[in-house]
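Okay, so here's the structure we're looking at.
The values are calculated or read from the model by the stated rules, or taken from the named source; none is laboratory data. As the structure is a prediction and not an experimental result, all values here were calculated from the model. Note that each Cβ is placed from the backbone with ideal geometry, even for glycine, and that neighbours are counted across all protein chains shown.
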Amino acid sequence: MFKNYIKIAWRTLLKNKLSSMINIIGLSIGISACMAILIFVRYEATFDKHHSKAEKIYRVVQHNKLPDQTLYWDITPYPLAEALRNDFPEIETVTQTMGPIGQEFTINNGQELKIYEEPRVLFVDTFFPKIFDFQWVLGDPETALEDINSIVLTEDMAKKYFEVSNEDFDEVLGKTILLNGKDPLLVSGIIKNLPGNSNQNFSMLIPYGFFKAQNPDHALNWSGNHQGTTYVVLPNTGLEKSLESKLASWKKKYLKPEEDGRISFMLQPLTDVHNETAYGNSPGGYIMPFNILYTLTIVAMFILIIAIVNFANLLTAQSTMRSKEVGIRKVLGGKRLDLIVQFIFENSLVILGSLVLSVAGLNFLLEQLNINLMVINMQLELGLGHIGLIFIVGLLTIILAAVYPAVVLSAFKPIRALTNKIQFSEVGGINVRQSLVAFQFVIVQLFVIATIIVSLQMDYFKSEPMGFSSDAIVMTTVPNFEKLDVYKQTLLENSTISNMTMASGPPMAVDGLQLGTRFRLPKQPPEEALDAEIKVGDPNYVEFYGLELLAGRSFTTNKEAFDEFIVNETLLTSLGWSPQEAIGKKIEINEGQATIVGVVKDFHNNSFQRDITPCIIMNWAYFQNQAFIKIGNNHTDAIAKIQEVWENTFTGSVYHLKFLNDSIENEYLLEKLIFKGFTILSLIAISIGCLGLIGLTSFMVSRRNKEIGIRKVLGASILQIFFIFSKEFTSLIITAFVIAAPLVYYFSNLWLENFAYRIELSAWMFLSGGCLTLIVAMITCSFQSLKSALANPVNALRDE
Amino acid sequence: MLLKLNNIFKWVTTGGQRIFLLKDINLEVQEGEFISVMGPSGSGKSTLLNVIGMLDTFDEGEYNFLDESVHTLKEKHRSNLYKEYIGFVFQSYHLLDELTVQENLEMPLLYKKYKGSERKAMVADMLDRFNIVGKKDLFPAQLSGGQQQLVGVARALIGKPKLILADEPTGNLNSQQSEEIMQLFQKLNKEDGVTIIQVTHSEMNAAYGSRIINLLDGRKI
Ligand SMILES: Nc1ncnc2c1ncn2[C@@H]1O[C@H](COP(=O)(O)OP(=O)(O)O)[C@@H](O)[C@H]1O
Ligand SMILES: [Mg+2]
């Protein structure tokens, strides 16, 4: 019997190649997209959960209550760890880290000195390896970090620095690496590369003791600048609240009274670190907020449900073509159960095909995600468990999508089935189908319009004037201040380089090149000081970036003790001065006092997410550690020249060159990811939605087969018949648009509020999304409706 | 006696009005008869055949088939009854397009729990008897109408039914093909004693039968 079923199933599949393909591909797009999203969500929600103590580890965070706002910090004073260890015996372990930060390393491989810059160096105390589980390839986690002049490398680093393969790691142990050109560190351990979903994203570990020895003042200072990250391990979960309240009364022992009032120490579960937004991301890391994960989970479920519903729909539509077979089989002795079994079996074969394709599709999607999200070190993998889950989904699909059409179909009365009197209303109302497709197109249009809006905002970032010029400007670091003049002179001799300026950073704060301070009038008390950004620039800075002077002048010199400020309009607003009034006035900042000699028109000193803030440019001879170079049209020549001059001037350092525009673009990384995400989701939604539409059209076409035949016999043109179908789904998509548009309006407004500078929403953005969907839908349906319109009417009418 | 219809009525109700499809039909069929049903289009011939074949129900009257009273039987028993004793031949053949001739013949046997070897033998026997061994691996679309109907008759016979119901079996065939099918029916009736009830429009075909029933507006005349 089953042989017979397989035969029929196989031949039916082959006979309806197109619709079989649509079925199989449609379902597998749905399953693999849903799975890919769920795997992504799981990956993002399980950061650091692989540590055996994960549930008992807490990060100590600081809440800093200022009069106007509360600041949430993920860093704590350096001495906190030691104090906790001494005063709270109930805490199992306390550990402290500093970083990750960038460091420069030198290797002597016998022939030459090689210099590397490593951005993710973490200083950790000896408790660190006891709390977090790393896979140690070589070295003893208990002792590897005891000697302060030691260093632990990840496998990748060991390979990169010592050019060895896996088997030869032994050779690396005990070798020396020079830190920042002067401190020799002995390799004391090698650990396996870290998984991508870890907040501990370092590439090397150096003992915290080394950092303490180098920075004795910082290490003992409870206030002032600090960058320590403190973790505690509690004996059990659920003890954090009581510890928090003990800390509240304990901290006055170490903090200054005014800080004791402002600052409170809280405990954040390690497993929340990656998903809670308040504390921001640690250097080199990123945060994936809980609500994005929830939303994605819902989207994934929607995608799956819609794909299954579409599949069931298409299958039911196609099954009705088999009513004749049902009739024959019943007349020849087939019982209803036989037919149910046969059709379930057949549909299950199709589902099985989809599942196999889903595994391949999922693998592809995960690879794409890893490639596209390289910036966040995404490492998604297809596991055996995922394949198992796909098959569970398949089983679910069989129950939901294969049983239904089989039951419907098998119930046909043989006579009616044989005389083709089966109405399509008998296999599920056309209204239900229409609403389902309309609902899908609500989602399609949500994504399409949202994608359009996000892309327009992205475009706005690029095209909106920033108030300074950024084109053809590259930046290099200046590692050695004494050689600055030589560097500058040599470069400017070159014809491809037209202008240069030395500064602490470009006008817009990019790559973290931002210095903060607080400013006030000399007569005001320090508490009344307001936040401002400072930029150190040479006399050429204002002219180089094309900043517009509203009053006063540029600097004439840089001084060891600065005495001149150029400020922006926003700073003046808080003081109530006009540009002219401001000239000659003195203001006081944390670093000292100086006279305002110029006022510049506001430029975007922050990326477009944030407002323009008060900004002070000062004529200081320090902190000018960036060289900005304007290059001519022939980029490649100029860049080669810069590298040559740089490497000749600053021997022994690592050369870096960046285009200012690239760095500015990097400030919109998250938005770029969102844009990518929306584009992918739009494509998935469109393809699934179109499959739903194909299902609906095949219903409409077969339902109206006879009507079309009669119309044609009576002289209707192909175009007129095509129009009959187009009318049906056009109204469907318009309905969907009417529902989707206000939703997108609401949510995109919410999103745009993240940006101080943003596009205005207008009707055409929505309409173009709607039109685009309509066109895609039109093309999708045209195939089937044209086929029906072109068909010989005799065929449609003969079956009576 | 094979079957007996007593005062059979069948109607549909549209707009509160009863439209009779069959009106007071009385009919007795003996085993071994060859009956032709005639009448203008829409007179209820197919309806009558479907009622006899138990594919369709009726609203009033009694129907006895081999000592079973069909009107009191449950759906399930009814279908068991017709599966065992009745073979159907259709005007448009109704072969399964996805199956070969051989597979089409085998199909009804699959629902009757014959063993594989038995099925093979029965199919081979039928192919032989109808002279279509050479066509056994062809699909219906590769056969002429006459050949398809031959397969249709063979399929109806393979389950060894007592009664064959044929609704315009030659309606789609040319006169030569029609004649072959009619001669086949005659032979089955004479040599194998199979009872046959056929619907036909042609006097010539009707002449092969032993008795003619005329219908007009659902009534026997
Ligand atoms: N289910 C039904 N509902 C309404 N009318 C029907 C139904 N089945 C058949 N009829 C009508 O009953 C009449 C007899 O049909 P039928 O038995 O097919 O005629 P014949 O086979 O003699 O041409 C026709 O007028 C047909 O339209
Ligand atoms: Mg008829």
Worksheet entry | A:Lys49 being within 14 Å of chain B (Cβ to nearest Cβ) and either assigned to a helix (DSSP H, G or I) or within 28 Å of A:Pro235 (Cβ to Cβ) (or both) | no
Discussion item. Among the residues of the stretch B:160-172, are any closer than 28 Å to B:Gly32 by Cα, within 14 Å of chain A (Cβ to nearest Cβ), surrounded by 21 or more Cβ atoms within 10 Å (Cβ to Cβ) and among the charged types (D, E, K, R)?
Written reply: yes
Worksheet entry | Yes/no for B:Ser36 being more than 14 Å from the chain's Cα centre (by Cα), surrounded by 13 or more Cβ atoms within 10 Å (Cβ to Cβ) and within 16 Å of ligand 2 (Cβ to nearest atom) | no
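Residue by residue, here is whether (1) touching a Gly at 6+ places or on another chain (Cβ under 8 Å); (2) of a type outside the set (S, T, N, Q); (3) under 29 Å from B:Met182 (Cβ atoms) holds:
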{"position": "B:Gln17", "(1), (2), (3)": "no, no, no"}
{"position": "B:Leu27", "(1), (2), (3)": "no, yes, yes"}
{"position": "B:Glu31", "(1), (2), (3)": "yes, yes, yes"}
{"position": "B:Phe34", "(1), (2), (3)": "yes, yes, yes"}
{"position": "B:Met38", "(1), (2), (3)": "no, yes, yes"}
{"position": "B:Gly53", "(1), (2), (3)": "no, yes, yes"}
{"position": "B:Asp67", "(1), (2), (3)": "no, yes, no"}
Discussion item. Can you tell me which of (1) within 14 Å of another protein chain (Cβ to nearest Cβ); (2) surrounded by 19 or more Cβ atoms within 10 Å (Cβ to Cβ) is the one B:Glu84 doesn't meet?
Written reply: (2)
Discussion item. Residues that are modelled with pLDDT under 90, farther than 27 Å from A:Tyr78 by Cα and not in a helix (DSSP H, G or I): does the stretch A:115-129 have at least one?
Written reply: yes
Worksheet item: B:Tyr114: over 19 Å from A:Gly327 (Cβ atoms), in contact with a helix residue (DSSP H, G or I) (Cβ under 9 Å, 6 or more places away or on another chain) and more than 16 Å from ligand 1 (Cβ to nearest atom), yes or no?
Response: yes
Response to the item:
Conditions (1) more than 11 Å from chain A (Cβ to nearest Cβ); (2) at pLDDT 90 or above; (3) touching a helix residue (DSSP H, G or I) at 6+ places or on another chain (Cβ under 8 Å) -> B:Phe130 fails only (2)
Worksheet item: Restricting attention to the stretch A:158-179, does a residue exist that is among the hydroxyl-bearing types (Ser, Thr, Tyr) and in a loop (DSSP other than H, G, I, E, B)?
Response: yes
Worksheet, complete the sentence: With criteria (1) within 14 Å of chain A (Cβ to nearest Cβ); (2) among the acidic types (Asp, Glu); (3) away from ligand 2 (no atom under 16 Å from the Cβ), B:Asp125 comes up short on (1)
Worksheet, complete the sentence: Screening B:Val151, B:Val199 for residues that are hydrophobic (A, V, I, L, M, F, W, C) and within 16 Å of ligand 1 (Cβ to nearest atom) leaves only B:Val199
Item to complete: Restricting attention to the stretch B:70-81, report how many residues are within 13 Å of chain A (Cβ to nearest Cβ) and over 23 Å from B:Thr195 (Cβ atoms).
Response: 2
Response to the item:
For the stretch A:761-771 the number of residues that are within 14 Å of A:Val444 (Cα to Cα) and touching a helix residue (DSSP H, G or I) at 6+ places or on another chain (Cβ under 6 Å) is 3
Response to the item:
Filtering the stretch B:182-193 down to residues that are surrounded by fewer than 22 Cβ atoms within 10 Å (Cβ to Cβ) and in contact (Cβ under 8 Å) with a residue 60 or more places away in the chain yields B:Gln186, B:Asn189, B:Gly193
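Kindly evaluate A:Asn64 against the criterion of being more than 14 Å from chain B (Cβ to nearest Cβ) and touching a Lys or Arg at 6+ places or on another chain (Cβ under 6 Å). Steps first, answer last, please.
Details: more than 14 Å from chain B (Cβ to nearest Cβ): yes; touching a Lys or Arg at 6+ places or on another chain (Cβ under 6 Å): yes.
Yes.
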Worksheet, complete the sentence: Residues of the stretch B:11-25 being away from ligand 2 (no atom under 14 Å from the Cβ) and either surrounded by 20 or more Cβ atoms within 10 Å (Cβ to Cβ) or under 20 Å from B:Ile86 (Cα atoms) (or both), in sequence order, are B:Ile25
Worksheet item: Only one residue in B:Asp67, B:Asp56, B:Asp97 is farther than 20 Å from A:Asp338 by Cβ and either β-branched (Val, Ile, Thr) or within 10 Å of chain A (Cβ to nearest Cβ) (or both), so which one is that?
Response: B:Asp56
Item to complete: Can you give me the ranges of the helices (runs of 4 or more DSSP H) entirely in the stretch A:667-773 with at least 3 residues that are within 24 Å of A:Phe302 (Cβ to Cβ), in contact (Cβ under 8 Å) with a residue 24 or more places away in the chain and in the same structural domain as A:Ala450 (by TED's automatic domain parsing)?
Response: A:669-703, A:718-752
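For every residue, the table says whether it meets (1) within 14 Å of chain B (Cβ to nearest Cβ); (2) modelled with pLDDT of 85 or more; (3) crowded, with 19+ Cβ neighbours inside 10 Å; (4) on the phi > 0 side of the Ramachandran plot.
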{"position": "A:Pro269", "(1), (2), (3), (4)": "no, yes, no, no"}
{"position": "A:Asp272", "(1), (2), (3), (4)": "no, yes, no, no"}
{"position": "A:Asn275", "(1), (2), (3), (4)": "no, yes, no, no"}
{"position": "A:Pro289", "(1), (2), (3), (4)": "no, yes, no, no"}
{"position": "A:Thr297", "(1), (2), (3), (4)": "no, yes, no, no"}
{"position": "A:Ile303", "(1), (2), (3), (4)": "no, yes, yes, no"}
{"position": "A:Asn313", "(1), (2), (3), (4)": "no, no, yes, no"}
{"position": "A:Ile328", "(1), (2), (3), (4)": "yes, yes, yes, no"}
Worksheet entry | Answer residue from the stretch B:154-185, given it is assigned to a helix (DSSP H, G or I) and closer than 21 Å to B:Leu3 by Cβ and is farthest from ligand 2 (Cβ to nearest atom) among those | B:Leu157
Worksheet item: Could you count how many residues in the stretch B:39-53 are polar (S, T, N, Q), near ligand 2 (Cβ under 9 Å from one of its atoms) and within 13 Å of chain A (Cβ to nearest Cβ)?
Response: 3
Discussion item. Being of a type in the set (S, T, N, Q), touching a residue at least 24 places away in the same chain (Cβ under 8 Å) and within 16 Å of ligand 1 (Cβ to nearest atom) narrows it down to one residue among B:Gln17, B:Gln91, B:Gln30; which is it?
Written reply: B:Gln91
Discussion item. Residue pairs, Cβ under 6 Å, 6 or more apart or interchain, first in the stretch B:67-88 and on the phi < 0 side of the Ramachandran plot, second surrounded by fewer than 16 Cβ atoms within 10 Å (Cβ to Cβ) and outside any helix (DSSP H, G or I). List them.
Written reply: B:His71/B:Glu62
Discussion item. Out of everything in the stretch B:103-122 that is at the interface with another protein chain (Cβ under 8 Å from one of its Cβ atoms) and not acidic (Asp, Glu), what residue ends up being farthest from A:Ile328 (Cα to Cα)?
Written reply: B:Lys112
Fill in: Residues of the stretch A:18-37 classified as surrounded by fewer than 19 Cβ atoms within 10 Å (Cβ to Cβ) and away from chain B (no Cβ under 14 Å), total
3
